[in-house]
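Enquirer: The structure follows.
Each reported figure results from applying straightforward, stated rules to the coordinates on display, with no laboratory input. Quantities reported herein were computed from a predicted structural model and do not represent experimental measurements.
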Ligand code: GDP
Ligand code: MG
């Protein structure tokens with residue numbers, strides 16, 4: 001039986017390469033700055049139930065509204081079902097401290113109807129930051145399965161592997177109904193290409209990428225409005241997505257800032273003691 005394809009997608013610096021290393025046992029360079037993964041890297045992972053997977057580490061991307069070469073690499077893969085690396089399951093990796101911003105890309109990937117697992121990384125930072133998550137609520141409203149992990153400490157990796165194995169049970173229902181961006185425009189689009197996913201068509205129209213199954217010029221010539229109209233629709237899309245994300249996080253994510261403050265003042269006290277310790281130490285020394 002062939003290996004399944006697992007793609008790691010996410011904003012820069014959320015820990016994709018760290019997750020890649022955890023899954024594959026390889027040791028790719030982990031960076032402290034964005035954009036270190038400039039090309040796709042492939043590794044191999046043995047999962048439970050004798051399932052084997054190709055793990056694909058993709059460049060960091062903020063959204064599918066491509067503006068950089070890195071983002072184009074991701075979009076071209078996701079729009080091309082014939083690519084031999086086309087993912088059977090996508091892992092959207094996020095940083096628990098930047099969940100709101102990171103979820104924008106998640107909702108876009110989800111709308112391509114690829115089984116998508118939400119990986120919330122850096123769980124080791126939650127206590128320090130006073131962050132708590134209602135995982136069942138988030139799973140229900142984001143229509144996904146969530147793996148809460150720390151790729152640094154290795155927490156949650158086995159659970160993640162089990163989720164990957166059961167990727168067929170993950171809902172492929174989209175987060176955002178594309179027609180809601182502009183009903184007239186999108187209903188016409190749907191009429192013209194009834195068998196294509198609306199959000200994919202939208203990406204083909206707005207992005208400079210090749211899309212093999214469709215005559216790109218054909219869609220573009222009949223559905224490309226003026227540049228400023230397209231920009232306006234893209235902005236509407238982003239606003240709609242953030243409205244959805246805000247609503248979900250209002251219940252699903254709680255930040256108790258007093259916890260973080262307590263922790264910090266305790267830390268301050270420890271540091272102050274340390275500093276006085278050093279001062280006295282040096283006074284005695286001299
Ligand atoms: P990428 O840009 O998404 O590939 O992210 P990297 O894997 O290069 O990680 C970015 C930074 O986050 C590095 O400094 C990692 O050490 C750090 N990092 C990754 N995973 C975790 C984690 O679970 N907890 C914490 N605290 N830091 C992490
Ligand atoms: Mg990386």
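Enquirer: Quick one: pull the percentage of alpha-carbon pairs in the range 129-178 with a separation above 13 Å.
Expert: Distances greater than 13 Å cover 66 percent of the Cα pairs.
Enquirer: Most mobile of 270, 119, 165 per a Gaussian network model of the chain (Cα springs, under 10 Å)?
Expert: For the chain, modelled as a Gaussian network with Cα springs under 10 Å, the answer is 270.
Enquirer: Grab the alpha carbons of the range 94-179, take their convex hull, and tell me the volume per residue in Å³.
Expert: About 91 Å³ per residue, rounded to a whole number.
Enquirer: So what is the 222 nm mean residue ellipticity for the chain from helices alone, if each DSSP H run of at least 4 adds -39500 (n - 2.57) and you divide by all residues, rounding to the nearest 500 deg cm²/dmol?
Expert: Using -39500 (n - 2.57) per qualifying helix, the result is -14500 deg cm²/dmol.
Enquirer: So if I take the alpha carbon set of the range 52-136, get Rg, then get Rh from the Kirkwood formula, what is the Rg over Rh ratio?
Expert: Result: Rg/Rh = 1.00.
Enquirer: How big is the C-alpha Rg of the range 67-111 next to the rule-of-thumb value 2.2 N^0.38 Å, as a ratio?
Expert: So the range 67-111 has a normalised radius of gyration of 1.26.
Enquirer: Quick check: from the Cα gyration tensor, does the range 237-279 come out rounded (a/c under 1.5), prolate or oblate?
Expert: Here the range 237-279 falls in the prolate category.
Enquirer: Could you check which residue among 93, 74, 259 shows the biggest mean-square fluctuation in a GNM of the chain with a 10 Å Cα cutoff?
Expert: Ranking 93, 74, 259 by mean-square fluctuation puts 259 first.
Enquirer: Can you list, largest first and rounded to whole Å, the semi-axes you get for the chain by taking the square root of 5 times each eigenvalue of its Cα gyration tensor?
Expert: Each semi-axis is the square root of five times an eigenvalue, giving 39, 23, 18 Å.
Enquirer: Okay, moving on. Over the residues of the range 135-286, compute the C-alpha Rg and express it relative to 2.2 N^0.38 Å.
Expert: So the Cα radius of gyration is 1.73 times the expected 2.2 N^0.38 Å.
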